[in-house]
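The structure appears right after this line, and notes come after that.
The values are calculated or read from the model by the stated rules, or taken from the named source; none is laboratory data. Note that this is a predicted model, so its numbers are computed, not measured. Cβ placement follows ideal geometry from the backbone for every residue including glycine, while neighbour counts extend to all protein chains displayed. Ligands, DNA and RNA are excluded from the accessible area calculation, which covers all protein heavy atoms including side chains. Shrake-Rupley method; radii C 1.70, N 1.55, O 1.52, S 1.80 Å.
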4 protein chains.
Amino acid sequence: MSHNTFGHLFRVTTFGESHGPAIGCVVDGCPPLIPIDEADIQTFLDLRRPGTSRFTTQRQEADRVRILSGVFTDEASGKQVSTGTPIALLIENTDQRSKDYDAIKNLYRPGHADFAYDAKYGLRDHRGGGRSSARETATRVAAGAIARKVVADVTIRGALVQMGPHKINRDAWDWDETTRNPFFCPDAKAAAFFETYLDDIRKAGSSIGAVIEIVAENVPAGWGAPLYGKLDADLASGLMSINAVKGVEIGEGFDAAALSGEANADEMRIGSLGEPVFLSNHAGGILGGISTGQPLVMRFAVKPTSSILQPRHTIDRSGHESEIVTKGRHDPCVGIRAVPVGEAMVACVLADHFLRHRGQIGEGAVWPANRSR
Amino acid sequence: MSHNTFGHLFRVTTFGESHGPAIGCVVDGCPPLIPIDEADIQTFLDLRRPGTSRFTTQRQEADRVRILSGVFTDEASGKQVSTGTPIALLIENTDQRSKDYDAIKNLYRPGHADFAYDAKYGLRDHRGGGRSSARETATRVAAGAIARKVVADVTIRGALVQMGPHKINRDAWDWDETTRNPFFCPDAKAAAFFETYLDDIRKAGSSIGAVIEIVAENVPAGWGAPLYGKLDADLASGLMSINAVKGVEIGEGFDAAALSGEANADEMRIGSLGEPVFLSNHAGGILGGISTGQPLVMRFAVKPTSSILQPRHTIDRSGHESEIVTKGRHDPCVGIRAVPVGEAMVACVLADHFLRHRGQIGEGAVWPANRSR
Amino acid sequence: MSHNTFGHLFRVTTFGESHGPAIGCVVDGCPPLIPIDEADIQTFLDLRRPGTSRFTTQRQEADRVRILSGVFTDEASGKQVSTGTPIALLIENTDQRSKDYDAIKNLYRPGHADFAYDAKYGLRDHRGGGRSSARETATRVAAGAIARKVVADVTIRGALVQMGPHKINRDAWDWDETTRNPFFCPDAKAAAFFETYLDDIRKAGSSIGAVIEIVAENVPAGWGAPLYGKLDADLASGLMSINAVKGVEIGEGFDAAALSGEANADEMRIGSLGEPVFLSNHAGGILGGISTGQPLVMRFAVKPTSSILQPRHTIDRSGHESEIVTKGRHDPCVGIRAVPVGEAMVACVLADHFLRHRGQIGEGAVWPANRSR
Amino acid sequence: MSHNTFGHLFRVTTFGESHGPAIGCVVDGCPPLIPIDEADIQTFLDLRRPGTSRFTTQRQEADRVRILSGVFTDEASGKQVSTGTPIALLIENTDQRSKDYDAIKNLYRPGHADFAYDAKYGLRDHRGGGRSSARETATRVAAGAIARKVVADVTIRGALVQMGPHKINRDAWDWDETTRNPFFCPDAKAAAFFETYLDDIRKAGSSIGAVIEIVAENVPAGWGAPLYGKLDADLASGLMSINAVKGVEIGEGFDAAALSGEANADEMRIGSLGEPVFLSNHAGGILGGISTGQPLVMRFAVKPTSSILQPRHTIDRSGHESEIVTKGRHDPCVGIRAVPVGEAMVACVLADHFLRHRGQIGEGAVWPANRSR
C-alpha cells in the first residue's frame, strides 16, 4: 500500500515537511556489500540543492545528508558498505523562514495543494507548503544515489529539453553541456537563450513550465513484468509522483498517435556479434512492459511554479473570497531542479525492477542466452 | 507487489492468454451489499467486444462473462449482491485460430512484446500474442463494471479525441455522439471523416495511433494521497499499463510546459451555496495528488497496431534475420477499443482510492465540512 | 494488501465458496520453464480430497483441477511448463447439498464464522459456510503443488502428532507410516489407537482437535528477512490463516519458555566437509527470522470441528435465542485434512522467500561461500 | 512487500542498529487530527526502557523520542495533532559500549542471529547484535503509542503469565498488579516468587524464557478479513516478528487440540439490551479471522535470552571451532520487556485493521445494526 513508500523490493519511504526540523527517508531492500558513503549521496544532492544559481530559490540549505543506519565497515575492503538492513538518511532543515507564510496560512494558493490537503485532512502545515513542498524531493535524490549503486552498470542521465514553448535543437544534443549550464540543458545555444528568457520571467514575478527527458542506457532486456508491474507503468507512476508533473511519455509518446504501424515498428537485425539489433527506438526501450535492451527514453512535463508575484483570486479557510500574492523564495522554473529528481526516480524504479527480475527469473536470463535452455 | 494485480483495497488480479481456454479476473475488496449481476458487466463488455464493426478485429468472441463467486442473493431485496468476498469472473475463449500464428511462432513481430517476453522468460505463448494480447483487456472492462458500482456517484466517460494527426474539434464535443459512431468520438464530423480515413488505412494493411480522453465527474475533493499514492500517479500507472499506451497526461498535460504560472493557476471563488468554485481546470481536478472536486480530465496516447500487412525486417529465435508480415485479424486502430478499457482502469483506480480515503479519513471529510471540526 | 492474496513474489489469490459453481486460485509470480501439469497438482489434491475414509466428510468431490492459463508447451522438452504469467486453476463444485443448510441459514453456528461474517458484511452465503468453508483449502493445496516445484530441492512433509489429548510417541516416528494410515500419523501404534478413538467421537456426533507438525528439509541458510518479513512470521501468518488453527509454534515453541539459555542454545561445530554444523535444533531452523540451513520444524493446533450433532445454544439473525444442531457431512477431526493444507502453506511461504532472497541477494549467497567475498 | 515495514493502511517502517547513531521509525497512514505529542509516546517508551530494575539490561538509555514530522498545531484546540502525513520518530543511541563486542565480532553466538545474518548478507554489524538487537523494539513501542490513539476506544493490556516452567495463578489476576512489580505480572504472589527466582538465574549468568498474554478489550465485531488478511493471522505475524518469540496462540490456542467440539463452542444468547452475548470465549474473540466483539486474548512464548555467561561451543567466520561467553549487559529474561512490545504490536495490528475495515465497509457496520439494512 503506497502512501509515502515507493517500490517493492527496493523500497523508499520518505518523511518530513518543508519547515519541520528535518526531512529524510528510509531505503529498504538495498542488497548488502554495496559501497555507500555520505559523499556519494552528497554529490547528487548538490545538483538539486537550492541557491546555486539565480534561477532557483534563494533559500540556503546545505542539504547535508547523514546516514543513520544500514551501512557498516567491510573488513575486507575497509569501505563503508550496505548491510542489507534499512538505510536511514536524514537532512536537517536549516534555513526555514516560516514567518514568510504567516500571511497566507488561511489562504489557498491557486495551483498549490493547499485546498486539496485541507479538503482531505482538515488541516495542513502551511509553512512552505508543508509536506507538499518540492523540498521532499531532496530525499528522493538521496535515495536515487543509492539506487544508482544497485544498478551500477546502468547510466541514467536527464536533460531539460523544453522551457515554455521553446524546444531545444536535438541535433545539437551534447550530454557534457548539461553540466555546464544551470538548466541541465544539452544544447548550448538553447541554454544561452534560456538565461535571458528566464531572467525576464523571474523579474516579472512570473514562472514557466518545462519538459525533461531522461535516458537510461545499458538496461538489459528482460526487466519489467506484465501486466500491472510494467516497467513503463512504474516509470509513469514514479515520474508523475514528482511535484508539478502533469504528463509522462515513453519513446514516441504522444507523437505515436500520429504514426502508422510501419513507421512506428522498430525493425530488427542481427548484429556483428550475433546479438539482436533494433533499427530504431520508437518504443523507448520497452515493449509489453519489459525492457528490450535498447536505451530507455522518457519525458515528463512540469507545470510552471504556482508561487508567483502576480495577484490571483482565491478563497480562505473560512469561506471568504480574497486575493493572493505568493512571496517567499521560489524557483521561476521548477522544471530545472526536476532534472536530478527525475533521474533519481528512474534509478529507484530500475533498482526495484532489477531486484524483482532477479527474484522471479534469476540472473543472466537475457536473449540470446535463453536460446540454449 | 504488482505483477498481475492492480490496486490496494479494491484489487483486480487478471489471468489468461489470447488463445488459452479462458481469460478472467478476481476482484477482491469489493464492499458488500452492492448489486452486481452478469448483465451489468456484459453491457460494458459489449462496448469493447471485437467484431462489432469493420474497424475492429473480425475475431468473433461472444465475451460472455460468468460470475463464479462473491455474489449472493440478498433476502431483503431479492437481488444478487456482493458479499465482500472475492468476485471471480470468467470469460471463455471461443474463436481462437491458433494456426494463423504457426508461421510466425519463432519470429519476433516488430512493435510487439514477442522479443521482450522471450528475453525475460525464455519462452512465450506465441498464439495471438499470448498474455500480451489486448484480449486481456476484456477482464479489465469486466472489473471496471464492478468498480463503477463502488463509486456509483461518479460518472466516468471516455472519448477518442485524435486519430493519426487529426484532432477533433473540441467545440463540437457531444457526449451522446460517442454512442452513435464506432469510434467513441464526441465530434460527429470528425467521426464521419475517421470512417473514410480508417477504411483507407485498413485496406492498405496499415494501422494508425490515437489519443483518448477520459473524464470523471463528481469525484469529491480529498481522494488520493501524497506522495507515492497520488491519485494522478495511480491513474498514470493504470493507463500506462494498457496495451500500446505510450503517454499519459492530466489536465493541461504537456501543454502545461508552455504556460506561465498566472495562466496555469486555477483561481478560486465562493459559489452561491458557499461552496468553493474553481474558475478553470488546468489541473485536471488534481492538486498535490489529491482530488479537488473538479472533474478529473486525462488523456492517453495509443500507438498504432503493430500487426500490419506491410513486410518488415525482423529476426527469429535462432538468431537469423528474416522478414515478417502479420496476418490474422487485427484492429487497424487499437485506440478505438481502448476507450472502454481506459474508462475501466479509471473506474478501478477511483474505487481503490475511494476505499483508501474512507479507510484513512472516514466519510464526509470534504471541505467545507472540515471547517467546523 | 492482503484479503485473499498470500505472498509477495510468489502470490496466490484464491476465490470461491463451498456451494458456488467453482473454487479456484491464481498463482502469480511462478518463474518460467518449470514443468507443471494437472496430474502433478491432482496428486496433492487427492491427499486432501474428502470422502476417502470414514474419518472425513462424506461429501463426494472429485476435486478435478483445470489449468486455465500460464503454462505452455516447451518445444525443447515437449513438456508443459510455466511461462512466467499467472497460472489460473479451477476446481468445479459438484456435490453441493445446499438444502442441508436451509434450516440454519438464519442461525449462527457456535464456533463457526457465521456471526462474524454477518457482523462485518451484513450478509453471508450460508450454504456450507460459504467463503469460510474449509473447502477453500483445496485451492491452497493446488497452489502448494506449484510452490513445491519452485523450491524443488526442499522436502516438505507433515504429520499429525496429537489428536485430542493424545500425543504420538516421537521415538516411533516413521515418515513412511504417514502414507499408510488415514491420519497422516507417523506412529503406527498411535494411528491404530486413533482409529477406535475417532470412531467413538464420530458416532457420538462430537469432534476433536489436533496438532500437526510440518518439517521442511534442505532449506538453505539465508532465506527470510528481518524484521517484518521474517520467515517465521510469514510461516505463522500462513498457518494461522488456515481454517480452525488457533496456535503456531517454531522449534521448541511454547516449551522454550521453560528452558534456560544454555539448554536452548544450539551450539555449533565444523563438520567433516568444513561446513557449519549445529548440535541441536531448538530454534527450528530459524534465527533472527532467517533460515540457518537446519530443517524447519513447526507445529500448529487445530480446534475441534465446530459442526457437531450435540445441540448448542445460539441466536438468529433477527435477535432471537435458539438451539442448533449442525447436520450435514463433516469431518470429526478437521486436523487430519489440515496436514496436506499445512504442507501447502509452508511450500507457498518458502517459494515466496526463495524468490525474495534471490531478488535481494542473488543466488548462492550461503555461508561459507560468503567468506570469500 | 515486507522487509522492515509492518501494516497496510497503518504502516510502520523501522530502522537502526543497536550501536548506530540512532534508531527510529516512520508511521505512515495515521489519520489526521489525532492529538499526538512526545510525552504520550515517552510514557510507553519508559515502560520498556532498559535499566529500570536489576532484572533488565543495565545499559542506560534515556530513550528520548523526537517527532521529526507529521504533527502540527491545530488552531482550534491549540494541541499538536497528526496531519495525515508520515510521522517520523527518532531515538538517539547514547550508551553504546561497542568495545564489549570486539572479542566476539567473528564468533557466532549460539541462539543469536549472527550466523543467519552472515549467511544471508555476507557481513553484519556485530555490535550489540546490530539490526537483530531487541533495541529495535523501542521503535515499535513508540509506533504502538500512536496506534493506540487511532483505536482510542480499545484497551490493550499485557501481562507476564509464565516464567520458566512457573505459571501464575489465573484466579489471582489483578491488572493493577502489573504496574506494581518489575515483571508486568498480574499475580502478586507469583511476582514475589519471580523476584527470587530470576535473581538466582541472573547471578548464575543464565537466563530463562517466559509467556506473555495480551488482552484487547472493546474491539467491535467485524474487524479482520478472510482469508489471508485474517485478524489472527496478522496478530500471529506481528507477535512472531518480535525478537525471541517462538510461539503464538489465540484463545484456547494449543489447548484447543484437546477439546471436543461441544466443549470448545462459544454458545450465544441475547443480552438484556438485545445485544449478542457469548457464554464463553474459547475463540479468543476471533472467528473466521474476524473479531466477534469479545475481548481478543492471545499469548506468545519468548525463548530465554541467548546472551549468557555459560561457555558454549561455536564457530567463527573463518570456519574454526571455538568457545564463547557472551559478556555485555543483558536481560536475564527478555520476556519481561516483551510485554510492552507485545502490546505495541497488537495496537499496530488493530489500528491497521480498523482502517482497513473502515475502508472496505465504512463505519458502524456492526451487528445488530446490519439487521436493518
Next item on the list: Would you point out which residue out of B:Thr57, B:Thr139 is touching a Cys at 6+ places or on another chain (Cβ under 9 Å), surrounded by 16 or more Cβ atoms within 10 Å (Cβ to Cβ) and of a type in the set (Val, Ile, Thr)?
Entry: B:Thr139
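Would you be able to say whether some residue in the range B:161-177 is more than 11 Å from every other protein chain (Cβ to nearest Cβ) and open to solvent by less than 10 Å² (accessible area, probe 1.4 Å)?
No.
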Next item on the list: Return yes or no: is B:Thr326 within 19 Å of B:Tyr108 (Cβ to Cβ), open to solvent by less than 20 Å² (accessible area, probe 1.4 Å) and facing another protein chain (nearest Cβ under 8 Å)?
Entry: no
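Taking the conditions exactly as written (more than 9 Å from chain B (Cβ to nearest Cβ) and aliphatic (A, V, I, L, M)), does C:Ala103 satisfy them or not? Steps first, answer last, please.
Numbers: more than 9 Å from chain B (Cβ to nearest Cβ): yes; aliphatic (A, V, I, L, M): yes.
Spelling it out, C:Ala103 is indeed more than 9 Å from chain B (Cβ to nearest Cβ) and aliphatic (A, V, I, L, M).
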Notebook entry, point to check: Any idea which of (1) surrounded by 24 or more Cβ atoms within 10 Å (Cβ to Cβ); (2) touching a helix residue (DSSP H, G or I) at 6+ places or on another chain (Cβ under 9 Å) is the one D:Phe115 doesn't satisfy?
Noted result: (2)
Margin query: Within the range B:268-282, take every residue that is within 31 Å of the chain's Cα centre (by Cα) and assigned to a loop (DSSP other than H, G, I, E, B) and give me the one that is surrounded by the fewest Cβ atoms within 10 Å (Cβ to Cβ).
Written below: B:Leu279
Checklist line | Filter result for A:Ser53 (among the small types (Gly, Ala, Ser) and in contact with a Gly (Cβ under 7 Å, 6 or more places away or on another chain)) | finding: no
Next item on the list: Report, ordered by the first and then the second residue, all pairs with beta carbons closer than 7 Å, sequence separation of six or more or different chains, a first member in the range C:240-251 that is more than 7 Å from chain D (Cβ to nearest Cβ) and over 15 Å from C:Gly285 (Cα atoms), and a second member that is surrounded by fewer than 24 Cβ atoms within 10 Å (Cβ to Cβ) and of a type in the set (A, V, I, L, M, F, W, C).
Entry: C:Asn243/C:Ala134
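Out of the residues in the range A:178-228 that are assigned to a helix (DSSP H, G or I) and aromatic (Phe, Trp, Tyr), which is nearest to the chain's Cα centre (by Cα)?
Looking at the filtered set, the residue picked out is A:Phe194.
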Note to self: Quick check on my filter: what residues within the range D:1-18 are out of contact with any His (no Cβ under 8 Å at 6 or more places or on another chain) and open to solvent by 30 Å² or more (accessible area, probe 1.4 Å)?
What the structure shows: none
Next item on the list: Output the residues belonging to the range B:19-30 that are among the small types (Gly, Ala, Ser) and crowded, with 22+ Cβ neighbours inside 10 Å.
Entry: B:Gly20, B:Gly24, B:Gly29
Margin query: If I ask for residues that are facing another protein chain (nearest Cβ under 7 Å) and of a type in the set (Gly, Ala, Ser), which ones from the range C:1-30 would you list?
Written below: C:Ser2, C:Gly16, C:Gly20, C:Ala22, C:Gly24, C:Gly29
Checklist line | Which numbered condition A:Phe55 misses (of (1) among the hydrophobic types (A, V, I, L, M, F, W, C); (2) touching a helix residue (DSSP H, G or I) at 6+ places or on another chain (Cβ under 8 Å); (3) in a strand (DSSP E or B)) | finding: (3)
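Inside the range D:229-267, can you point out the residues that are in a loop (DSSP other than H, G, I, E, B) and more than 19 Å from the chain's Cα centre (by Cα)?
Listed by number, the residues that qualify are D:Glu252, D:Leu259, D:Ala265, D:Asp266, D:Glu267.
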Check: For C:Glu343, which of the numbered conditions (1) open to solvent by 10 Å² or more (accessible area, probe 1.4 Å); (2) at the interface with chain D (Cβ under 8 Å from one of its Cβ atoms); (3) modelled with pLDDT of 95 or more fails to hold?
Finding: (2)
Checklist line | Residues of the range D:234-267 satisfying the condition of being farther than 17 Å from C:Ile242 by Cα, open to solvent by 10 Å² or more (accessible area, probe 1.4 Å) and among the hydroxyl-bearing types (Ser, Thr, Tyr) | finding: D:Ser260
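Among the residues of the range D:50-74, write down those that are at the interface with chain A (Cβ under 10 Å from one of its Cβ atoms) and more than 17 Å from D:Ala22 (Cβ to Cβ).
Residues satisfying the conditions are D:Gly70, D:Val71, D:Phe72, D:Thr73, D:Asp74.
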Item checked: Residue selected from the range C:188-233 under the condition within 21 Å of D:Gly253 (Cα to Cα) and at the interface with chain D (Cβ under 7 Å from one of its Cβ atoms), by the criterion surrounded by the fewest Cβ atoms within 10 Å (Cβ to Cβ) -> C:Ser206
Check: Has the range A:41-48 got at least one residue that is touching a residue at least 24 places away in the same chain (Cβ under 8 Å) and part of a loop (DSSP other than H, G, I, E, B)?
Finding: no
Next item on the list: Inspect the range A:31-49 for any residue being at the interface with chain D (Cβ under 7 Å from one of its Cβ atoms) and either within 16 Å of the chain's Cα centre (by Cα) or open to solvent by less than 20 Å² (accessible area, probe 1.4 Å) (or both) and give the result as yes or no.
Entry: yes
Next item on the list: Go through (1) under 27 Å from B:Val302 (Cα atoms); (2) open to solvent by 50 Å² or more (accessible area, probe 1.4 Å); (3) within 13 Å of another protein chain (Cβ to nearest Cβ) and name the single condition B:Ser77 misses.
Entry: (1)
Notebook entry, point to check: Scanning for something free of Cβ contacts under 8 Å to residues at least 12 places away in the same chain and under 26 Å from B:Ser18 (Cα atoms), does the range B:142-163 turn up at least one residue?
Noted result: no
Check: What are the pairs, 6+ residues apart or on separate chains, where a residue within the range B:287-312 that is at the interface with chain A (Cβ under 7 Å from one of its Cβ atoms) and open to solvent by less than 10 Å² (accessible area, probe 1.4 Å) has its Cβ under 8 Å from a residue that is acidic (Asp, Glu) and in a strand (DSSP E or B)?
Finding: B:Ala301/A:Glu249
